[in-house]
Amino acid sequence: MHTDFILRGLGRHAPDRILTNADLETMVETSDEWITTRTGIRQRHIVSPGEGCTDLAYGAAKMALKDAGIEADDLTHILLATYTSDYVIPQGACVLEEKLGVKGKIALDVSAACSGFLFALETARGFVALDRNAKVLVVASEVNTHRANFTDRATCVLFGDAAGAVVVTAGDPEDGPRVLDVKLGTDGGLGDLLTVKGGGSMSTYKEGEPVRDDYFIQMQGREVYKHAVRNMTGVCKEILERNNLSVDDVNVLLPHQANLRIIEAVGKKLGVPEEKVYVNVDRYGNTSAASVPLALSEARDNGFIKKGDLVLLTTFGGGFTWGAALVRF
Ligand code: UT7
């Protein structure tokens with residue numbers, strides 16, 4: 001039986017604290033001019049002491065549930081896409097379940113770095129395909145700034161903290177935006193170009209030992225840049241082709257917000273005019289898995305995405321991981 005996958009509600013949450021390029025100038029040898037011309041980033045939201053991944057996730061989840069008109073208790077599944085969960089155990093999705101005041105759901109963390117949201121969305125579609133009554137909360141939340149090395153100017157200027165959320169159910173087109181297709185890909189052979197190794201079971205720490213550089217995000221920026229452009233462009237072409245759609249059918253291109261130059265290059269290679277490409281990297285920086293659902297919620301609310309629009313989402317991240325999704329609003 002054919003199932004339509006509906007985004008019943010959208011939500012987002014960013015912490016109040018803001019770190020500007022001028023602030024970063026006082027922390028590392030950098031300049032507002034370098035950061036804006038190389039990345040397009042002007043500021044990023046960052047957590048305050050005591051604020052964690054599931055706090056941001058909770059804010060986005062509450063907004064998405066309200067938008068969907070669904071109580072947390074009606075959910076069947078809670079998926080959290082993140083690489084910066086509060087703890088190793090308990091998993092973040094369980095902490096979020098507790099914060100939402102509910103029990104007995106299937107709560108699951110999904111890890112695919114910056115592509116985590118699309119991997120979780122596809123997992124949600126799987127749950128809905130298994131059970132048409134499933135109501136799946138998909139949240140992507142990241143506290144990147146706790147894994148950014150604020151002595152490494154090449155990476156610390158890039159990242160911010162935020163969360164985005166959707167509620168996925170079966171339904172009819174009039175129930176909300178329809179997820180038409182999702183296409184994912186990975187290449188473990190290129191994993192070493194973008195890593196956060198410390199804290200994993202391959203790196204042991206003795207009590208009192210300071211964390212080493214591998215605890216933080218390490219990236220070969222130029223290489224990652226090239227693969228990001230190539231893979232996002234490629235997967236967008238593939239998903240359009242297998243749905244018999246052309247670039248001209250796309251009303252809004254919403255790419256992972258890592259770097260304005262990457263976003264512009266993907267748009268240009270695909271042939272999507274600039275005015276159809278959604279950009280908020282200037283205000284949030286790279287929020288990893290949160291970037292696409294955060295931008296999706298914002299773009300719907302500020303009118304950039306209109307009813308009837310075909311929206312093409314695309315992500316790229318460590319692993320490597322990448323993906324694209326087509327959503328009819
Ligand atoms: O979300 C997952 C995917 N991640 C990404 O998509 C990020 C992909 N990579 C990028 O966005 C870009 O490669 C960066 C923004 C990270 C770097 O831009 P770039 O144009 O590739 O610069 P670069 O790394 O080649 O560095 C150019 C110069 C270097 O100096 P020299 O060797 O030319 O003298 C760097 O040391 O810029 C220097 N530099 C900086 N200067 C001022 C690097 N970081 C900074 C900085 N401020 N923050």
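The values are calculated or read from the model by the stated rules, or taken from the named source; none is laboratory data. Everything quoted here is computed from the prediction, not taken from an experiment. Cβ placement follows ideal geometry from the backbone for every residue including glycine, while neighbour counts extend to all protein chains displayed. The accessibility values were calculated without ligands, DNA or RNA, using every heavy atom of the protein model including side chains. Shrake-Rupley method; radii C 1.70, N 1.55, O 1.52, S 1.80 Å.
Reported count of residues in the stretch 43-73, each being buried (at least 23 other Cβ atoms within 10 Å of the Cβ), of a type outside the set (A, V, I, L, M, F, W, C) and in a helix (DSSP H, G or I), is 1. Applying the selection to the stretch 6-42, what residues are acidic (Asp, Glu) and either touching a Gly at 6+ places or on another chain (Cβ under 7 Å) or outside any loop (DSSP other than H, G, I, E, B) (or both)? Across the stretch 6-42, the qualifying residues are Asp23, Glu25, Asp32, Glu33.
For the stretch 185-212, which residues satisfy the criterion of being of a type in the set (D, E, K, R) and open to solvent by 70 Å² or more (accessible area, probe 1.4 Å)? Across the stretch 185-212, the qualifying residues are Asp192, Lys197, Lys206, Glu207, Glu209, Arg212. Being buried (at least 20 other Cβ atoms within 10 Å of the Cβ) and either among the polar types (S, T, N, Q) or out of contact with any Asp or Glu (no Cβ under 8 Å at 6 or more places or on another chain) (or both) holds for only one residue in Val143, Val139, and it is Val139. Of the candidates Ala129, Ala120, Ala124, Ala154, the single residue that is open to solvent by 20 Å² or more (accessible area, probe 1.4 Å), away from the ligand (no atom under 16 Å from the Cβ), among the aliphatic types (A, V, I, L, M) and assigned to a helix (DSSP H, G or I) is Ala129. Just to be sure I understand, how many residues within the stretch 28-55 are in contact with a Ser or Thr (Cβ under 6 Å, 6 or more places away or on another chain) and either without any contact (Cβ under 8 Å) to a residue 12 or more places away in the chain or more than 16 Å from Gly285 (Cα to Cα) (or both)? Result for the stretch 28-55: 1. Any idea which residue in the stretch 171-184 is nearest to Asp86 (Cα to Cα), counting only those that are open to solvent by 10 Å² or more (accessible area, probe 1.4 Å) and part of a strand (DSSP E or B)? Taking the candidates together, the pick is Leu184.
Taking the conditions exactly as written (more than 16 Å from the ligand (Cβ to nearest atom), of a type in the set (Lys, Arg) and under 18 Å from Asp161 (Cβ atoms)), does Lys99 satisfy them or not? Yes; evaluated as a whole, the condition is true for this residue. Screening Thr3 with (1) in a loop (DSSP other than H, G, I, E, B); (2) open to solvent by less than 40 Å² (accessible area, probe 1.4 Å); (3) closer than 18 Å to His146 by Cβ gives one miss only, at (3). Within the stretch 82-117, the set of residues being among the small types (Gly, Ala, Ser), in contact with a helix residue (DSSP H, G or I) (Cβ under 8 Å, 6 or more places away or on another chain) and either assigned to a helix (DSSP H, G or I) or over 20 Å from Lys197 (Cβ atoms) (or both) comprises Gly92, Gly101, Ala107, Ala113, Ser115, Gly116.
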